[in-house]
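Each remark here refers to the structure printed beneath this line.
The values are calculated or read from the model by the stated rules, or taken from the named source; none is laboratory data. Computed from a predicted model, the values in this text were never measured in an experiment. Here the Cβ positions follow ideal geometry from the backbone for every residue, glycine too, while neighbour counts run over all protein chains shown. Heads up: the accessible areas ignore ligands, DNA and RNA and are worked out on the full protein's heavy atoms, side chains in. Shrake-Rupley method; radii C 1.70, N 1.55, O 1.52, S 1.80 Å.
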Amino acid sequence: MKVISYKSELLEEVSILKKNQKVTGFVPTMGALHQGHISLIKCCNKECDYTIVSIFVNPTQFNDPNDYKKYPRILDTDLELLKKVKVDILFTPTLEEMYPEQDNRDFDLGELDKVMEGAHRPGHFRGVCLIVSKLFEMVQPTKAYFGEKDFQQVAVIKHLTRLMNYPVEIIPCPIIRENDGLAMSSRNMLLTKDHRQNAPLIAKTLFEATEKSKTQSVQETKDWVVRTINDNPFLQVEYFEIVDETSLKAISNWDNTSNKRGCIAVFAGNVRLIDNIRFN
């Protein structure tokens with residue numbers, strides 16, 4: 001694994017890959033790696049000749065400066081984990097390398113950034129688009145891999161790829177869960193013991209909701225999910241929406257669309273957790 005911190009050096013490597021017509025896979029991360037990230041890398045390895053991973057905690061996608069400050073940064077641990085899988089290049093740029101000057105670009109995301117995460121984290125998806133566009137232009141991957149835990153983010157990045165005409169195939173990969181059902185997240189390590197013990201209720205409730213939906217209306221199902229989680233003193237729902245998977249528009253009737261996704265954000269103390277599940 002070659003560790004690179006400078007854009008110029010990365011571009012040299014990418015130029016060689018392009019010349020040799022290698023199928024390049026890319027897994028962008030913010031570090032604090034876990035088995036969810038590793039699953040993306042393994043998927044990349046199966047489909048590509050060459051695997052590039054990036055670690056960069058991107059400040060422009062944090063609407064809360066405190067959230068940015070406390071986001072876990074454990075590069076030494078990440079490096080040890082990456083040694084156990086095939087990674088050809090690890091790109092670890094500094095803030096100055098990625099943002100040598102202020103980037104004022106904006107992106108027309110339609111309604112995709114107006115709902116759920118977009119509504120509760122203003123500017124978040126603009127920040128995601130800023131960093132992903134920069135990374136795509138540097139890495140020039142054939143395929144890029146993203147976890148479905150960030151379901152709305154995947155929809156936004158697919159839209160960005162079309163908007164900017166990037167020749168990149170976006171590959172969504174399934175949510176990886178802990179043994180107790182909690183969706184793997186770098187934020188999980190910030191949970192207190194009590195909050196970690198109670199956080200699996202989020203996934204348990206979502207899975208049960210798919211059964212409830214067979215006999216309940218959309219609104220009844222939504223109300224049941226919120227009530228069930230909020231009844232736990234360690235958890236507080238920020239939002240729960242059942243949406244069309246493509247447009248992300250909320251549905252009011254199970255017959256509105258064939259592809260339905262329930263998306264949730266929950267505060268476990270000061271730690272904000274997201275998850276989602278498909279409704280058949």
Problem set entry | Scope the range 188-211; condition surrounded by 18 or more Cβ atoms within 10 Å (Cβ to Cβ) and either among the basic types (Lys, Arg) or within 18 Å of TYR239 (Cβ to Cβ) (or both); matching residues | ARG196, ALA199, LEU201, ILE202, ALA203, THR205, LEU206, ALA209
For this session: Name the single residue, out of those in the range 165-180 being outside any strand (DSSP E or B), closer than 17 Å to ASN276 by Cβ and of a type in the set (A, V, I, L, M, F, W, C), that is least open to solvent (accessible area, probe 1.4 Å).
Result: ILE175
Problem set entry | Of all residues in the range 221-252 being in contact with a helix residue (DSSP H, G or I) (Cβ under 7 Å, 6 or more places away or on another chain) and closer than 16 Å to GLU211 by Cα, the one that is surrounded by the fewest Cβ atoms within 10 Å (Cβ to Cβ) | TRP224
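Among the residues in the range 133-146, are any open to solvent by 20 Å² or more (accessible area, probe 1.4 Å) and in contact with a Cys (Cβ under 7 Å, 6 or more places away or on another chain)?
Scanning the range 133-146 turns up at least one residue that is open to solvent by 20 Å² or more (accessible area, probe 1.4 Å) and in contact with a Cys (Cβ under 7 Å, 6 or more places away or on another chain).
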